[in-house]
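The values are calculated or read from the model by the stated rules, or taken from the named source; none is laboratory data. Computed from a prediction, not measured in an experiment: that's the story for all the values here. We place every Cβ from the backbone using ideal geometry, glycine too, and count neighbours over all the protein chains shown. Accessible surface areas use protein heavy atoms only, side chains included; no ligands, DNA or RNA. Shrake-Rupley method; radii C 1.70, N 1.55, O 1.52, S 1.80 Å.
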Amino acid sequence: QVQLVESGGGLVQAGGSLRLSCAASGTIFGINARSWYRQAPGKQRELVAAITSGGSTNYADSVKGRFTISRDSAKNTVYLQMNSLKPEDTAVYYCNILTPWDSYWGQGTQVTVSS
């Protein structure tokens with residue numbers, strides 16, 4: 001049974017930083033990409049950042065230059081370093097692992113940025 005557990009969310013003032021972690025338990029074969037999504041109240045879930053099995057990364061335009069996605073394959077963990085946070089970054093952040101056969105989701109971690 002695969003489980004993804006996010007941590008690191010919280011309340012931070014605008015301009016501050018947070019580092020999210022997503023640890024996967026269980027064996028996952030054929031990972032194509034590890035990603036972070038977020039969903040703000042009343043809005044659709046959106047892709048924030050992704051890192052492929054080859055190490056390529058892509059980011060939403062709204063977070064480019066502020067957020068960095070990374071992974072530790074040995075620990076089966078993906079990270080999201082978030083700097084220069086803005087109130088509009090407030091959302092529940094979810095990690096996702098995509099394989100050719102499955103899409104795994106974590107339970108989400110709340111990030112709240114106060115102005």
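Structure summary
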{"quantity": "Of the chymotrypsin sites (Phe, Trp or Tyr not before Pro) in region 1-109, those whose Cβ has at most 11 other Cβ within 10 Å and which sit in DSSP loop", "calculated": "Phe29, Trp101"}
{"quantity": "Gaussian network model of the chain, springs between alpha carbon atoms under 10 Å - residue of Thr57, Thr27, Thr90 with greatest fluctuation", "calculated": "Thr27"}
{"quantity": "Relative contact order for region 2-115, counting Cα pairs under 8 Å that sit 6 or more residues apart, in percent", "calculated": "37"}
{"quantity": "Net lengthening on full extension, Trp101/Gln13 (0.36 nm per residue, minus Cα-Cα)", "calculated": "27.7 nm"}
{"quantity": "Within region 64-108: Cβ-based charge dipole about Cα centre, in debye rounded to nearest 20 (Lys, Arg +1; Asp, Glu -1)", "calculated": "180"}
{"quantity": "Top positive-direction residue, dipole computed over the chain with Cβ charges, set Ile28, Trp105, Ala60", "calculated": "Ala60"}
{"quantity": "Cα-centred dipole magnitude for the chain, charges only on beta-carbon of K, R (+1) and D, E (-1), debye, nearest 20", "calculated": "140"}
{"quantity": "Rough spin-label spacing in nm, given labels placed 7 Å along Cα→Cβ, for Thr27 and Arg45", "calculated": "2.7"}
{"quantity": "Å² per residue, accessible surface of the chain at 1.4 Å", "calculated": "53"}
